[in-house]
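Everything on this sheet refers to the single structure shown next.
The values are calculated or read from the model by the stated rules, or taken from the named source; none is laboratory data. Values in this document were obtained by computation on a predicted structure and should not be read as measured data. Backbone-built Cβ (ideal geometry, glycine too); neighbour counts: all protein chains shown. Heads up: the accessible areas ignore ligands, DNA and RNA and are worked out on the full protein's heavy atoms, side chains in. Shrake-Rupley method; radii C 1.70, N 1.55, O 1.52, S 1.80 Å.
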Amino acid sequence: MSTKPQNSQRKTQDWLTLGVETSCDETSCAVLDGKDRILSNVISSSLFRHKPFGGVVPEIASRHALEQIDTVFSEALSEAKVTPQQLELIAVTQGPGLIGSLLVGVSFAKALGYAVGIPFVGVNHLEAHLAAVFIGNKAPERFVGLLVSGGHTMLTLHEKGKVKILGATVDDAAGEAFDKVAKLLGLGYPGGPVVEREAKSGNAKAFLFTKPKQDNPYAFSFSGIKTAVLYEVRKERHGLRQGSVPGTRTQKSDLHGASGVMSETQPPLKADFVRDMSASFQTAVVGWLVEKAIKAAVDKQCSDIVIGGGVSANQYLRMQLHDAGSKNGIRIHVPEKILALDNAAMIARRGLEIFGQTRKTGAWTMTGVPDLKITAGV
Ligand code: KG4
Ligand code: ZN
């Protein structure tokens, strides 16, 4: 593919990049001017369509992306006051994510790249989450990354453009745990923001949860706390701790079944219980995240921690991390809330960095990769 003549005159770091993000339930397009100036970041969420099911339904998410992508693209360009011909690079989420949704973005990016005659690059969604905080801010040379999203939770070490995964969750992601606990408490989907809201007026010491024991000190596990919450919910409803209760669903379908929305078939839990459980759960999860992130930074002699992903929007996590960071002489880098959640500006930023290093456009055979692994440092 030939690159437009005017592009050869400009350094890539000054290019106008279109970001395209369709990895899950959001459809987003953004225009980034150089590395640091967001001209637009339009996000269309399909959340309202998933709410009745208590979680993301992949088929609905991909249909939403297909319906919305043209409109979101046009809005992003008009807000940025840019024409398609002025774009110089397209960065698109290649994975990880839902295959149907990923395919919409990847196909769109390739078709646009062909039509306008500009390069496109595939971006790892997780790398982009950790790059989000550096839009408009200088990146440290070396840092520990704490990625906390709906599908992933991991600690990484970033050094000279290379990344090492220190540890990851062995079962549920942190965001997934928030979502499942919210469902058990009858708070709806997505769980993070509602649990955070309820937790504000709850007693964090009402329920104490055992920290999971793990050989790798940087690994996480959240399935135990989710089950512990389930038992407390049962106890609260029926005065029972375990086993099947007439009229209730089994533990498995309470947590995983598409139609197993416990709260819909049961009377609501007492408001005090919901608030106290939210506060106790949030305190435990945030405590484990903070403790391990600080330990990783201290062990690896890193004076910077970068957080990213939907759960990094949590105010309590931000506060606790800042407190622990200042006690240990570690700087904490936190993205703006809008950049913590799924958005295309972070994809554009990461794509521009990748293209600056490789100067290679994506292959026409490029496709979505649902389990794409992190391979490069940010
Ligand atoms: O990064 P993200 O937008 O999508 C994925 O890549 O997964 O993360 C979504 C996750 C959801 O599980 C949601 O409940 C969680 O982030 N989340 C939060 C908060 N806002 C969103 N978790 C805790 N507190 C929040 N304020
Ligand atoms: Zn994400």
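Taking a ≥ b ≥ c as the square roots of the eigenvalues of the alpha carbon gyration tensor, the stretch 45-185 is oblate, as a/c is not under 1.5 and a/b does not beat b/c.
Net charge dipole, the chain: roughly 680 debye, given to the nearest 20, about the Cα centre with Cβ charges of +1 for Lys and Arg and -1 for Asp and Glu. Residues whose amide H falls under 5 Å from that of R331, counting only those 5 or more places apart or on a different chain, are D304, I305, with hydrogens built in the peptide plane.
Subtracting the Cα-Cα distance of Q266 and K162 from their residue separation scaled by 0.36 nm leaves 32.4 nm. Note on Q13 and N328: the model spin-label points, each 7 Å out from Cα along the C-beta direction, lie 3.1 nm apart. Working from Cα pairs under 8 Å separated by at least six residues, relative contact order for the chain is 26 percent.
Under the rule a/c < 1.5 gives rounded, and otherwise a/b versus b/c splits prolate from oblate, where does the stretch 148-236 land using the Cα gyration tensor? Prolate, since a/c reaches 1.5 and a/b exceeds b/c.
Sparse packing (at most 14 other Cβ atoms within 10 Å of the Cβ) combined with a DSSP loop state is found for the following GluC sites (Glu not before Pro) in the stretch 89-166: E141. Applying the criteria of a DSSP loop state and at most 11 other Cβ atoms within 10 Å to the trypsin sites (Lys or Arg not before Pro) of the stretch 270-378 yields K270, R359, K360, K373. Mean projected area of the convex hull spanned by the Cα atoms of the chain, taken over all viewing directions: 18.5 nm². Solvent-accessible surface of the chain, averaged per residue with a 1.4 angstrom probe and all protein chains in place: 44 square angstrom.
Taking amide H positions as modeled 1.01 Å from N, with prolines and chain starts lacking one, the residues under 5 Å from D172 and 5 or more places away or on another chain are F222, S223. The trypsin sites (Lys or Arg not before Pro) of the stretch 63-110 that meet both conditions, a loop assignment by DSSP and at most 11 other Cβ atoms within 10 Å of the site Cβ, are K81. Over the chain, dividing the summed -39,500 (n - 2.57) contributions of all DSSP H runs of at least 4 residues by the number of residues returns a 222 nm mean residue ellipticity of -13000 deg cm²/dmol.
Candidate membrane-span-like segments in the chain, meaning DSSP H helices with Cα atoms spread over at least 27 Å of their own axis and a Kyte-Doolittle mean of 0.0 or above, are 271-299, with no membrane implied. Could you tell me the distance between the Cα centroids of the stretch 301-347 and the stretch 9-31, to the nearest Å? Going from one Cα centre to the other spans 22 Å.
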